[in-house]
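Undergrad: Sharing a structure here in structure tokens format.
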Amino acid sequence: MTYAVSKLLSYEDFIHQYADNYRYELADGELIDIEPTGPHETVSGKLATKIGIAITNAQLPWFIPRTCLIRPLADAITARRPDIVILDETVLLNEPLWENEPVITNGRSVKLVVEVVSNNWETDYARKVEEYALLGIPEYWIADYRGLGGVAFIGRPKQPTFTVCQLQGDDYIQQKYHLGETISSRILPDLKFKLDDILPK
């Protein structure tokens, strides 16, 4: 996603003005205007379809919300809006804000978060890895379909890379996949796909 910062907001003001507008997220009080490209939406749409089919086939009580915010820390002025988030409907009763706002504060409610990388790759590979691990989200996928991430994250030569981060203790163990390699997930073990399958044509 391409990010353009416009102004500072409190968390409460952000929720009041932008909670239902999935074009925006908040990071340290900065209003982030998310302007995804067509190819970005192609990747996230294809991936969401595959995930949705896998959830249905496995008859799991999970779903992909149309819009959802994740607040990593109760005292943070941050509200993340992942490209795809999988929620466990059986534990949403424990979410203090969910009944009135599409906001998740408890990592137990989230089974999987997916970010499709654009020009903001530093946030996806560094800060969000820490935030989602701190919340205890079991898996975090980073779909870097253009190979934009730094070599410290995707290696050399830079190439399209799909990273599956699986929580082990308090940190993520990361497994990287490239074109032609079958991607596997502990959360959805029957879902098998390749990065090739979700690329824009």
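Undergrad: With contacts defined as alpha carbon pairs under 8 Å and 6 or more residues apart, what's the relative contact order of the chain in percent?
TA: Reported as a whole number, the value is 17 percent.
Undergrad: Counting only residues 5 or more places away or on other chains, whose amide H sits under 5 Å from the amide H of residue 22 once H atoms are built in the peptide plane?
TA: none
Undergrad: Using θ = phi - 60° and the Karplus curve 6.51 cos²θ - 1.76 cosθ + 1.60, what whole-Hz ³J(HN,Hα) does each residue of region 187-194 get, with Gly and Pro shown as x?
TA: Coupling constants for region 187-194: 6, 10, x, 8, 8, 10, 7, 10 Hz.
Undergrad: When only DSSP loop residues count, what trypsin sites (Lys or Arg not before Pro) in region 96-161 have their Cβ near at most 15 other Cβ atoms within 10 Å?
TA: Details: sites: 108, 111, 127, 128, 146, 158; in loops: 146, 158.
Passing sites in region 96-161 are 158.
Undergrad: Can you tell me the length gained on complete extension of the stretch residue 184 to residue 30, counting 0.36 nm per residue apart and subtracting the Cα distance?
TA: On the way: separation 154, 0.36 × 154 = 55.44 nm, distance 3.51 nm.
Separation in residues times 0.36 nm, less the Cα-Cα distance, equals 51.9 nm.
Undergrad: Give the value in nm², to one decimal: projected area of the alpha carbon convex hull of region 12-101, averaged over all directions. Can you show the working numbers first?
TA: Numbers: hull surface 25.6 nm².
Value for region 12-101: 6.4 nm².
Undergrad: How many angstrom lie between the C-alpha centres of region 45-112 and region 147-193?
TA: One Cα centre to the other: 21 Å.
Undergrad: With N set to the number of residues, divide the alpha-carbon radius of gyration of region 108-201 by 2.2 N^0.38 Å and report two decimals.
TA: Details: Rg = 12.7 Å, N = 94, 2.2 N^0.38 = 12.4 Å.
Compared with the compact-globule rule of thumb, region 108-201 sits at 1.02.
Undergrad: Next up: In region 1-105, which trypsin sites (Lys or Arg not before Pro) fall in coil by DSSP and have 14 or fewer other Cβ atoms within 10 Å?
TA: On the way: sites: 7, 23, 46, 50, 66, 80; in loops: 23, 66.
Hits after loop and neighbour filter: 23, 66.
Undergrad: For region 128-148, list residues with backbone N below 14 Å from a point placed 7 Å from the Cα of residue 175 toward its Cβ?
TA: Within reach of a label on residue 175, which here means backbone N under 14 Å from a point 7 Å along Cα→Cβ, region 128-148 contributes 139-142.
Undergrad: Over region 37-198, what portion of Cα pair distances is larger than 20 Å, expressed as a whole percent?
TA: 48
Undergrad: Evaluate E = 1/(1 + (r/R0)^6) for residue 88 and residue 156, where r is the Cβ-Cβ distance and R0 equals 45 Å; express this FRET efficiency to the nearest 0.05.
TA: Values: r = 38 Å, r/R0 = 0.85.
It comes to 0.75.
Undergrad: What FRET efficiency comes out for residue 12 versus residue 126 if R0 is 30 angstrom and r is the Cβ-Cβ distance? Round to the nearest 0.05. Before the final figure, lay out each step's value.
TA: Working: r = 27 Å, r/R0 = 0.90.
Efficiency at R0 = 30 Å is approximately 0.65.
Undergrad: Sum up the charges of everything whose Cβ sits under 11 Å from the Cβ of residue 116, counting Lys and Arg as +1 and Asp and Glu as -1, but leave residue 116 out.
TA: Result for the neighbourhood of residue 116: -3.
Undergrad: Follow-up question, since we're still on this one. What net charge is computed for the residues neighbouring residue 46, neighbours being all others with C-beta under 12 Å from the C-beta of residue 46, Lys and Arg scored +1, Asp and Glu -1?
TA: Working: positive: 50, 194, 201; negative: 41, 83, 196, 197.
Result for the neighbourhood of residue 46: -1.
Undergrad: Full extension from residue 22 to residue 194: what is 0.36 nm times the residue separation minus their Cα-Cα distance, to one decimal in nm? Let's see the in-between values first.
TA: Values: separation 172, 0.36 × 172 = 61.92 nm, distance 2.76 nm.
Result for the pair: 59.2 nm of gain on full extension.
Every read-out reported here was derived from the displayed coordinates using simple, explicitly stated rules and does not represent laboratory data. None of the values given here were measured: they were computed from a predicted structure. Neighbour counts are summed over all protein chains in view; Cβ atoms, including those assigned to glycine, are modelled from backbone coordinates with ideal geometry.
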